[in-house]
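Q: One structure coming up, written as structure tokens, with questions to follow.
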Amino acid sequence: MSVLDDILATNRPRPLLGDGAMGTELFARGLTAGDPPEMWNVDMPDVITGVHAGYIDAGSDVILTNSFGGTAFRLKLHRLEDRVVELNTRAAEVARVAADAALRPVLVAGSV
């Protein structure tokens, strides 16, 4: 059974919930306009995990990776186009840390 199957199989008194705005949360934690938030997966993974954990604590069943701008086209703006795989993989790993620490099943989905 998959994590999604586990979540949907529970006797749910509420709808399936997703997380909120990663970018907004990162700006509140010091991300500067124009900086690539995907680098925080490498440079500040504890902050990213904390954002994910906050959404999980608030009831999210699905969290999205910090990879919204993780394309070669977007990362090229920061000369990071050669790190697409690394940054997206790290985004999934960091989100998985928060999901695995949860006391219930939480699905990690890629943000694109």
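Q: Is it the case that D46 is part of a helix (DSSP H, G or I), exposed (fewer than 13 other Cβ atoms within 10 Å of the Cβ) and at pLDDT below 95?
A: Numbers: part of a helix (DSSP H, G or I): yes; exposed (fewer than 13 other Cβ atoms within 10 Å of the Cβ): yes; at pLDDT below 95: no.
The answer is no for D46.
Q: G18 is checked against (1) at pLDDT 95 or above; (2) within 17 Å of the chain's Cα centre (by Cα) and fails just one. What number does that condition carry?
A: Checking G18 against (1) at pLDDT 95 or above; (2) within 17 Å of the chain's Cα centre (by Cα), the one that fails is (1).
Q: Restricting attention to the stretch 1-28, and to residues there that are outside any helix (DSSP H, G or I) and touching an Asp or Glu at 6+ places or on another chain (Cβ under 8 Å), which single residue is farthest from R90 (Cα to Cα)? Steps first, please.
A: Looking only at the stretch 1-28, we keep the residues that are outside any helix (DSSP H, G or I), and these are 1-2, 10-21.
Of the ones still in play, those that are also touching an Asp or Glu at 6+ places or on another chain (Cβ under 8 Å) are 16-18.
On the way: L16: 25, L17: 24, G18: 20 Å.
So, considering only residues that are outside any helix (DSSP H, G or I) and touching an Asp or Glu at 6+ places or on another chain (Cβ under 8 Å), the one farthest from R90 (Cα to Cα) is L16.
Q: Would you mind finding the one in V85, V51 that is surrounded by 14 or more Cβ atoms within 10 Å (Cβ to Cβ) and on the phi < 0 side of the Ramachandran plot? Can you show your working first?
A: Working: V85 fails: surrounded by 14 or more Cβ atoms within 10 Å (Cβ to Cβ).
Being surrounded by 14 or more Cβ atoms within 10 Å (Cβ to Cβ) and on the phi < 0 side of the Ramachandran plot holds for just one of V85, V51, which is V51.
Q: Inspect all residues belonging to the stretch 50-60 and state whether any of them is touching a strand residue (DSSP E or B) at 6+ places or on another chain (Cβ under 9 Å) and of a type in the set (S, T, N, Q).
A: Looking for residues that are touching a strand residue (DSSP E or B) at 6+ places or on another chain (Cβ under 9 Å) and of a type in the set (S, T, N, Q), one finds at least one in the stretch 50-60, hence yes.
Q: Next question, about the same structure. Considering every residue within the stretch 29-41, establish whether at least one is over 15 Å from the mean Cα position of the chain (by Cα), without any contact (Cβ under 8 Å) to a residue 60 or more places away in the chain, more than 16 Å from L107 (Cβ to Cβ) and part of a helix (DSSP H, G or I).
A: no
Q: Hey, among G34, G59, which residue is under 16 Å from A99 (Cβ atoms), loosely packed, with under 14 Cβ neighbours inside 10 Å and out of contact with any Asp or Glu (no Cβ under 7 Å at 6 or more places or on another chain)? Steps first, answer last, please.
A: Working: G34 fails: under 16 Å from A99 (Cβ atoms).
Just a single option satisfies the conditions, and that option is G59.
Q: Only one of T49, T10 is of a type in the set (V, I, T) and out of contact with any helix residue (DSSP H, G or I) (no Cβ under 6 Å at 6 or more places or on another chain). Can you tell me which? Give the steps one after another, and end with the answer.
A: On the way: T49 fails: out of contact with any helix residue (DSSP H, G or I) (no Cβ under 6 Å at 6 or more places or on another chain).
The unique qualifying residue is T10.
Q: So, one more: Anything in the stretch 49-92 that is of a type in the set (G, A, S) and either touching a Cys at 6+ places or on another chain (Cβ under 6 Å) or assigned to a helix (DSSP H, G or I) (or both)? List them, or say none.
A: Applying the first criterion (of a type in the set (G, A, S)) to the stretch 49-92 yields 50, 53-54, 58-60, 67, 69-70, 72, 91-92.
Selection gives G50, A53, G54, A72, A91, A92.
The values are calculated or read from the model by the stated rules, or taken from the named source; none is laboratory data. The structure displayed is predicted, hence computed values, not measured ones. Cβ: placed from backbone, ideal geometry, glycine included. Neighbour counts: every protein chain shown.
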